Amino acid sequence: LAAAAGKHEQNQDISQTDPTWLKRRADDFYRHADYHSAINAYTAAFEAANDNFAEAISNRAACYLHLGESERCLADCAHALQLLTTPNPHGDRNGVADMSQKLLLRMATAHIQNRDLPRAEHAIAKAQTQNPNDPTIQRHVTLVKNTAAALTLKRKGDETLASSSSSSLSPSSSDNDILTAISHYTAALERAPTFVPILANRAACHHALRQYPACITDCTTALNVLRTQRQPRGAVEVALGMVPPVGGERRRDWVVTLLGRRGAARVGLELWGGGLGDWEMARGLLLSKRRCGDLGTGGVGEEEEEGRMTREVL
């Protein structure tokens, strides 16, 4: 019996230190969007393979990308590319070219997340040389160009508002400045229709001009994007900053801001039920955050918070 127990213990130890088994376990975590657990398992697989397991470190980079941790993603991608030139008993040598291409595209997406568009374009150009007709690469090329254009236009809109009202919309903002900002945001959304911060900023402008129906439309569109743009399908959108990572604090903050802004617009149209409903939902999220200790002990008054959510530019 003791011998059998010893054998069972040995089998457990072997399975839990086998790089391939650990990677399969990490893959399961990844498929269920449990990225933190997947990172731990990929790390264990990598270490069990004596730090020579490109597939594990490549997949860990994908996890970091989902979580918005661009620098760690870039570090893992660079490390994996280096390992692809090293013989590895646990790797698939036939898939080296495909993995190299995926790594370069992940690097491009991480650079976009850092708003480093030149490096993103450089990484895509390198990936293109391997398979210039690949539709995935073409999608990334289009994405980089559209993102660059949208970010440039968003910056123009933000700067227009900042020049007249410091950091947020206020009564000192002239109507002309707000209209100019709206035109920049509208042009940006033509290139990136699901870019939530741009939708939210344009909604704030509409509210400042008392264009309440347009404000409600933009807030609702943005909230629908946050509701439907889930990972892993939305990984690129998360990396671009179009939407925050699922389950993250930033995502909750954006929902609170949008609900507060839409509620204010509905109250402006005397749609009391809808407006108060939005504010109640936002208040619930804020109270939940405060209970977790995220807001500190000072807090802010509800009217002040509602005003901040209505005016603040993302």
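The values are calculated or read from the model by the stated rules, or taken from the named source; none is laboratory data. Predicted, not measured: the structure shown is a model, and the values here were computed from it. Positions of Cβ are generated from backbone atoms using ideal geometry, with glycine treated the same way; all protein chains shown enter the neighbour counts. What goes into the accessible areas is simple: the full protein's heavy atoms, side chains included, and nothing from ligands, DNA or RNA. Shrake-Rupley method; radii C 1.70, N 1.55, O 1.52, S 1.80 Å.
Which of the following residues is out of contact with any helix residue (DSSP H, G or I) (no Cβ under 7 Å at 6 or more places or on another chain), under 19 Å from Pro193 (Cα atoms) and either open to solvent by 60 Å² or more (accessible area, probe 1.4 Å) or modelled with pLDDT of 85 or more (or both): Arg233, Arg308?
So the residue among Arg233, Arg308 that is out of contact with any helix residue (DSSP H, G or I) (no Cβ under 7 Å at 6 or more places or on another chain), under 19 Å from Pro193 (Cα atoms) and either open to solvent by 60 Å² or more (accessible area, probe 1.4 Å) or modelled with pLDDT of 85 or more (or both) is Arg233.
Which condition from (1) surrounded by fewer than 21 Cβ atoms within 10 Å (Cβ to Cβ); (2) in a helix (DSSP H, G or I); (3) in contact (Cβ under 8 Å) with a residue 40 or more places away in the chain is the one that Pro118 breaks?
Of the numbered conditions (1) surrounded by fewer than 21 Cβ atoms within 10 Å (Cβ to Cβ); (2) in a helix (DSSP H, G or I); (3) in contact (Cβ under 8 Å) with a residue 40 or more places away in the chain, the odd one out for Pro118 is (3).
Looking only at residues that are among the β-branched types (Val, Ile, Thr), surrounded by 16 or more Cβ atoms within 10 Å (Cβ to Cβ) and within 30 Å of Gln101 (Cα to Cα) in the range 142-178, which one is modelled with the highest pLDDT?
The selected residue is Thr147.
Does at least one position in the range 78-100 carry a residue that is open to solvent by less than 40 Å² (accessible area, probe 1.4 Å), out of contact with any Lys or Arg (no Cβ under 6 Å at 6 or more places or on another chain) and farther than 17 Å from Pro19 by Cβ?
Yes.
Of the residues Ala200, Ala239, which single one is in a helix (DSSP H, G or I), modelled with pLDDT under 85, open to solvent by less than 50 Å² (accessible area, probe 1.4 Å) and aliphatic (A, V, I, L, M)?
Result of the check over Ala200, Ala239: Ala239.
Considering each residue of the range 39-85, count those that are under 20 Å from Ala97 (Cα atoms) and of a type in the set (Val, Ile, Thr), and give that number.
Qualifying residue count for the region: 2.
Give me a count of the residues in the range 41-72 that are assigned to a loop (DSSP other than H, G, I, E, B) and within 26 Å of the chain's Cα centre (by Cα).
Of the residues in the range 41-72, 3 are assigned to a loop (DSSP other than H, G, I, E, B) and within 26 Å of the chain's Cα centre (by Cα).
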